[in-house]
Amino acid sequence: MKNTIRMFVAAAALAIAVPAYAQGGGGGGGGGGMQMSPAERMARQKEMLFKDITLTAAQAAKIDTVMLEAGKKQQEAMMAARNGGGDMAAMRESMQKMNAERNDALKAGLTDEQKKKFDENVAAMPQGRRGGL
């Protein structure tokens, strides 16, 4: 009888866990089938780029402006690449250039100490499609 109950509990747990994982509830950060909204993506980028950096209100406002403008440019470039046949190598190169320009604009309003930490954060960020920015 105890073995039957154990088997039932294990089967029930598995029946709940598998669909939840398949629908993106499994964690792991691999996307899980869900795409981030542009606002979520910007917040995530900002969090990673400015980790352990204390910003003034003026700096934060300027950073938000720069990141919004950069996000719009990148979105337009991705749409153009998709509509133009999707040359992935060219799009990747374009995105890298836009990210470098964005980072330069973001660093422009930082102190030397903040710039050093910013560069460390950029170096620590994951690269490529599976989690890079």
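Structure notes:
- The set of residues in region 67-93 being closer than 30 Å to G109 by Cβ and out of contact with any helix residue (DSSP H, G or I) (no Cβ under 8 Å at 6 or more places or on another chain) consists of E69, K72, E76, M79, A80, R92, E93.
- Test: E76 is surrounded by fewer than 13 Cβ atoms within 10 Å (Cβ to Cβ), within 19 Å of the chain's Cα centre (by Cα) and farther than 17 Å from M125 by Cβ: yes
- Qualifying residue in region 47-56 (condition: over 17 Å from the mean Cα position of the chain (by Cα), surrounded by 13 or more Cβ atoms within 10 Å (Cβ to Cβ) and at pLDDT 90 or above): yes
- Criterion violated by K115 - all others in (1) over 15 Å from the mean Cα position of the chain (by Cα); (2) surrounded by fewer than 16 Cβ atoms within 10 Å (Cβ to Cβ); (3) touching a residue at least 40 places away in the same chain (Cβ under 8 Å) satisfied: (3)
- Complete set of residues in region 39-74 that are closer than 18 Å to K117 by Cα and β-branched (V, I, T): I53, T54, T56, I63
The values are calculated or read from the model by the stated rules, or taken from the named source; none is laboratory data. Just so it is clear, the model here is predicted, and its values are computed rather than measured. Cβ atoms come from the backbone with ideal geometry, glycine included; neighbour counts cover every protein chain shown.
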